[in-house]
Every structure is written in structure tokens, then in C-alpha cells.
Amino acid sequence: MKIFLLAGLLSASFALGAEPKQTWKPKDMNRPRPKVVDPGAPKPGEMRPPPPNAIVLFDGKDLSKWVRRPGPKDADKSPEPKWKVENGYMEIVPKGGTIASKEKFGDCEIHIEWATPVEVSGKGQGRGNSGVFLPGHQEVQVLDSYENDTYPDGQAGAIYAMYPPLVNACRKPGEWQSYHITLRQPRFDAQGKMTVSASVTVVHNGILIQDNVELRGEATEGPLILQDHKNPVRYRNIWIRTLPAR
Ligand code: MG
């Protein structure tokens, strides 16, 4: 009985839709670093090909499912993506601009593989920085976090400026890595009041790093967005499955 009561209280506090509580200030360098764990080489299933019902956003051939998102200060407003496509991957052309999927997604499962440059340059946030912006919500950080210190809520696998990953499961620069993400959008009552916040679970290289954490924002859908942070990060094998409501 006590257990049920506690579970009820926990789910009630999660469902209120208030701003998630933060003990640490965003980007705090004093925040404890997540433990480093070695994910080893990719395991069967970790870099999985799209299942039959997946929407394939990038199959290694072209960027036809994507549009460029010019920044407000960008003189070039062209919607054509400027990233390079070769050898089955896309590579950021620095200052080429962030790109967004043409299609929007609500509740979904996202698979994406990425690699930071073999040739290491820069440090902290300047080393292998990109990012996966969840449909309608925040960024799951992409960064070369292999022996590269930064504020924990800005390292690879962090929900940027909010939650560090549970562990640092980064592979070496140049090695392919995977994110497998489950996103749940917020829910609203008949009056339009948010009753359940958006939430996300992230698995990095087969290891759980974000466990159903609460997100900000009231959007219920959006494109998948990949960030140009002026580092030549690569992506491949990007697919999404839309999920039925719970
Ligand atoms: Mg980033």
C-alpha cells in the first residue's frame, strides 16, 4: 500500500508540468562529472538497420528529407542543405547551417549514429560539437567527450544545460557511436492545461544515459534538427518510428 502511495506521489509530481527542479545552475563547472564507462566496440543490435515500419531520414545517399535552417545573422537564406554526403554518411560543413527534417514528429523512437572528427582540435565545447534537437524540444548534446572535460550538462548525451548523462559512454574520436532515443510529448486536459510534461529516454552506445527525464516546452511535435556548431561531425543511419499514445 505504502509503495503504491509513493508511486502515486512520484507520478503526480512528474505530471504537474511545472519547470523541472534543478539543484545545479546550468553549465556549472563544479557539478560532479558522470562516471566514465567503456562501451566497447559496437554490439549486435546497437547500430541497427531501420526496421520495416521506420521512416528513414538518411540512408547514406542524399539529404532529400532535410532542409537548411539559416540563422538570423546568416546572409544566405537558401533552404538547400550544404552538408557533404559521401561514403554513406553526411558531414557538417562548418557554417553550412543547421538542418531540419522536412517531416514533423510527435511521440517517437529515434535512431541516429554519429562520429566526431578523428583529427582532434579544440577543447571543451569547441571539440566535436553538434547536437540532436528533439522534435519540439531541447538538444541532446553531441560532443567529443572522450577525455575532454566540460560542464557536465553540456557533455555528450546531456540534455543541454539541464541534465548530464548518467555515465560518460563516449567512444574515441572518429569511432561511430549511436543514440537510441524514446521521446514522449506532453499531454493536455480539455482546458488546454498541460497535465503531463514531455519526457525522454536516451541510450548511448547501448548504455542507458537519460532515464525518462522531464523536458521543457509545450510543443507536441516538431522536426528532428541537427546542429551546425562549426565542427565537421558526421551522421549516418537516421530513422524514426512514430509511437502510439500511451
Ligand atoms: Mg551542441
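The values are calculated or read from the model by the stated rules, or taken from the named source; none is laboratory data. Just so you know, these numbers come straight off a predicted model, no measurement behind them. So basically every Cβ, Gly included, is an ideal-geometry build from the backbone, and we count neighbours across all protein chains shown. Just so you know, the surface numbers come from the protein's heavy atoms only, side chains and all, with ligands and any DNA or RNA stripped out. Shrake-Rupley method; radii C 1.70, N 1.55, O 1.52, S 1.80 Å.
Quick notes on this structure:
- Straight-line reach from Lys123: taking Cα to Cα under 21 Å and skipping same-chain neighbours fewer than 8 places apart, the lysines in range are Lys27, Lys35, Lys95, Lys172, Lys230.
- Solvent exposure, largest accessible area first (probe 1.4 Å, DNA, RNA and ligands not counted), of Phe188, Phe58: Phe188, Phe58
- Cα-based radius of gyration of the range 39-242 once divided by 2.2 N^0.38 Å, which approximates compact folds: 0.98
- In this structure the amide hydrogen of Asp228, modeled in the peptide plane, comes within under 5 Å of the amide hydrogens of Thr98, Ile99, none closer than 5 places in sequence on its chain.
- Integer Hz, Karplus 6.51/-1.76/1.60 couplings in order for the range 179-195, x for Gly and Pro: 10, 10, 10, 10, 10, 10, 7, x, 10, 10, 8, 4, 8, x, 7, 5, 9
- Ranking Ile207, Ile112 by solvent-accessible area of protein heavy atoms (1.4 Å probe, all protein chains present), from largest to smallest, gives Ile207, Ile112.
- Remark: spin-label model distance Thr242-Glu103 equals 0.8 nm, labels positioned 7 Å along the Cα→Cβ axis.
- Using a Förster distance of 41 Å, the FRET efficiency for Glu221-Asn30 (Cβ separation, nearest 0.05): 0.65
- Taking trypsin sites (Lys or Arg not before Pro) across the range 34-128, the ones in a DSSP loop with at most 10 further Cβ atoms lying within 10 angstrom of their Cβ are Lys61, Lys73, Lys77.
- Within the range 42-119, GluC sites (Glu not before Pro) in DSSP loop having at most 16 other beta-carbon neighbours inside 10 Å: Glu119
- Sequence of Met194, Met90 from largest to smallest accessible area, 1.4 Å probe: Met194, Met90
- Extension gain (nm, one decimal) between Lys61 and Phe188, 0.36 nm per residue minus Cα-Cα: 41.8 nm
- Arg187 exposes around 80 Å² of accessible area when a 1.4 Å probe is run over every protein chain in place.
- Accessible area per residue was computed with a 1.4 Å probe on protein heavy atoms; Trp24 scores about 90 Å².
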